[in-house]
Amino acid sequence: MFKPCGIIPAMVTPLDENETLNEPALRWLVNHLIEGEVHGLFALGSQGEFWAFDSGEKRCILEVVVDEAGGRVPVYGGTAAVSTREAVALTRMAEEVGVDAVSVLTPFFVSPSPQELYEHYAAIAGVTSLPIVLYSNPGRTGVKLTPEILARLARIENIVGIKDSSGDLSLTAEYVRVTPDDFAVLMGRDTLILAGLLYGCAGAIAATANVVPRLVVEIYERFQASDLAGAQQAQERLAPLRHAFGWGTFPVVVKEAANI
């Protein structure tokens with residue numbers, strides 16, 4: 001079974017001065033991250049500005065990432081949408097393009113009940129053979145994915161993990177507790193990568209890895225080697241970059257840092 005693990009950068013989407021895809025820069029970014037020894041690539045997440053592109057643009061972005069990655073690491077495609085219908089269509093498109101897995105943010109703007117949220121994800125899982133990583137970011141969406149619903153969703157065969165960007169370690173720990181050992185809980189808050197690993201997370205989907213992939217990978221690799229002091233030092237070195245996110249409108253800070 002496919003199990004997400006390690007450090008998976010939440011990739012930015014490079015654009016030119018006309019706000020269209022800068023393909024050479026995107027291809028450079030893919031190689032920059034792989035050379036940084038990351039364990040996967042996540043395109044069209046929150047950091048990738050998924051909300052800013054139409055379906056044709058999203059297909060093009062995923063095609064470039066899949067092509068440039070060339071099978072060297074798994075590619076995760078973001079297929080978030082407010083409606084189930086659109087999320088289903090985007091997931092089918094991502095499968096056609098050849099991604100290795102999809103990541104699906106909870107709906108936003110609307111406020112589905114827990115049962116409706118379950119049905120939303122079950123419907124998406126039912127139309128694809130791809131592994132699905134759920135994505136919970138209640139601070140931005142206003143939608144909470146409860147541990148009880150996650151436990152039910154984890155029983156669906158191709159729902160294999162969740163990115164938890166809540167920043168609530170008690171919730172993260174509960175996600176780990178209520179799901180099977182082969183289900184991957186991934187930390188989505190870059191300042192808490194080591195904390196998440198200590199609570200049982202399988203890795204992290206990290207925006208800061210666009211800029212300093214090797215440093216983010218170092219947190220994970222040192223933890224895997226039982227070098228907790230080294231992992232903590234790497235986490236502390238990363239913290240200022242994550243704190244700098246507040247210096248500008250999301251997601252401009254990481255893009256500016258990547259330019260530098």
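For the condition touching a residue at least 12 places away in the same chain (Cβ under 8 Å), within 21 Å of Met93 (Cβ to Cβ) and surrounded by fewer than 24 Cβ atoms within 10 Å (Cβ to Cβ), Glu37 does not qualify. Only one of Ala258, Ala229, Ala234 is in a helix (DSSP H, G or I) and crowded, with 22+ Cβ neighbours inside 10 Å; which? Going through Ala258, Ala229, Ala234 in turn, just one is in a helix (DSSP H, G or I) and crowded, with 22+ Cβ neighbours inside 10 Å: Ala234.
For region 197-226, which residues satisfy the criterion of being acidic (Asp, Glu) and either crowded, with 23+ Cβ neighbours inside 10 Å or in contact with a strand residue (DSSP E or B) (Cβ under 7 Å, 6 or more places away or on another chain) (or both)? Once the filter is applied, which keeps residues that are acidic (Asp, Glu) and either crowded, with 23+ Cβ neighbours inside 10 Å or in contact with a strand residue (DSSP E or B) (Cβ under 7 Å, 6 or more places away or on another chain) (or both), region 197-226 yields nothing. Would you call Val99 touching a helix residue (DSSP H, G or I) at 6+ places or on another chain (Cβ under 9 Å) and part of a loop (DSSP other than H, G, I, E, B)? Taking the combined requirement at face value, the residue satisfies it. Condition (residue is surrounded by 22 or more Cβ atoms within 10 Å (Cβ to Cβ) and either polar (S, T, N, Q) or assigned to a strand (DSSP E or B) (or both)) applied to region 108-117: is it met by at least one residue? For region 108-117, residues surrounded by 22 or more Cβ atoms within 10 Å (Cβ to Cβ) and either polar (S, T, N, Q) or assigned to a strand (DSSP E or B) (or both): absent. So is Leu241 assigned to a helix (DSSP H, G or I), touching a Ser or Thr at 6+ places or on another chain (Cβ under 6 Å) and surrounded by 15 or more Cβ atoms within 10 Å (Cβ to Cβ) or not? Answer is yes for this residue. Evaluating Val65 against the criteria (1) in a helix (DSSP H, G or I); (2) of a type in the set (Val, Ile, Thr); (3) over 16 Å from the mean Cα position of the chain (by Cα) leaves one unmet condition, (3). Return the residues of region 1-34 that are hydrophobic (A, V, I, L, M, F, W, C), in contact (Cβ under 8 Å) with a residue 40 or more places away in the chain and part of a helix (DSSP H, G or I); say none if nothing qualifies. Those that are hydrophobic (A, V, I, L, M, F, W, C), in contact (Cβ under 8 Å) with a residue 40 or more places away in the chain and part of a helix (DSSP H, G or I): Leu26, Leu29, Leu33.
When Leu215, Leu238 are checked against the criterion of being aliphatic (A, V, I, L, M), touching a residue at least 40 places away in the same chain (Cβ under 8 Å) and under 18 Å from Gly6 (Cα atoms), a single residue qualifies: Leu238. Of the residues making up region 176-188, those that are touching a residue at least 40 places away in the same chain (Cβ under 8 Å) and touching an Asp or Glu at 6+ places or on another chain (Cβ under 8 Å) are Leu186, Gly188. Taking region 65-77 as the range and being crowded, with 24+ Cβ neighbours inside 10 Å and either touching a His at 6+ places or on another chain (Cβ under 6 Å) or without any contact (Cβ under 8 Å) to a residue 40 or more places away in the chain (or both) as the test, the residues that pass are Val75, Gly77.
Would you be able to say whether some residue in region 38-47 is of a type in the set (Val, Ile, Thr) and under 19 Å from the mean Cα position of the chain (by Cα)? There is at least one residue in region 38-47 that is of a type in the set (Val, Ile, Thr) and under 19 Å from the mean Cα position of the chain (by Cα).
Each value in this text was obtained by applying a stated rule to the coordinates, not by laboratory testing. No experiment lies behind these values; they were computed from the predicted model shown. Here Cβ is always computed from backbone atoms with ideal geometry, including for glycine, and neighbour counts include all displayed protein chains.
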